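Working notes, structure below.
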């Protein structure tokens, strides 16, 4: 009888543990699916359509690009970081200053570092980023923040493109 009670107790503990683990795994998977679908918001570079997303969604993509700063990205990232700091401080005027600096930085960007085959992709990213910057210049604070989220994706895409181009260049040279 003593062994039967211990057997039942141990079985119950194992079952509770299994269900708890399954519940945690399902919750983790749901969170992962939600975050990946949120990352798809923004500008569709191919269709030109803009999805502003939920303005009540306070999640902001991480936008620390300091590790990817180099001579070619210096002006773009400095302007981007100025906008980020201004918007974090709810400073509409300095966000406008940062957006104008970004527009200037894109005009000065040395496109010769980009392989010929990737220049069309760069042009799409640049066009989208400039559109978001222009909206930041002429919009209210809430709308500035919406465009900044999409601009963050454009900057990430740009840095990825430049990283790929650098690897491509090193691989062939």
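A few points about this structure:
- Single condition residue 93 does not satisfy, out of (1) within 18 Å of the chain's Cα centre (by Cα); (2) surrounded by fewer than 19 Cβ atoms within 10 Å (Cβ to Cβ): (1)
- A single entry from 122, 109 fulfils the requirement of being under 18 Å from the mean Cα position of the chain (by Cα) and in the same structural domain as residue 74 (by TED's automatic domain parsing): 122.
- Candidates are the residues of segment 109-126 that are touching a residue at least 40 places away in the same chain (Cβ under 8 Å) and within 29 Å of residue 92 (Cβ to Cβ); the one that is surrounded by the most Cβ atoms within 10 Å (Cβ to Cβ) is 125.
- Condition met for residue 130 (in a helix (DSSP H, G or I) and without any contact (Cβ under 8 Å) to a residue 40 or more places away in the chain): yes
The values are calculated or read from the model by the stated rules, or taken from the named source; none is laboratory data. Remember, it's a predicted structure, so these values are computed and weren't measured experimentally. Heads up, the Cβs are rebuilt from the backbone with ideal geometry, glycines too, and the neighbour counts pull from every protein chain shown.
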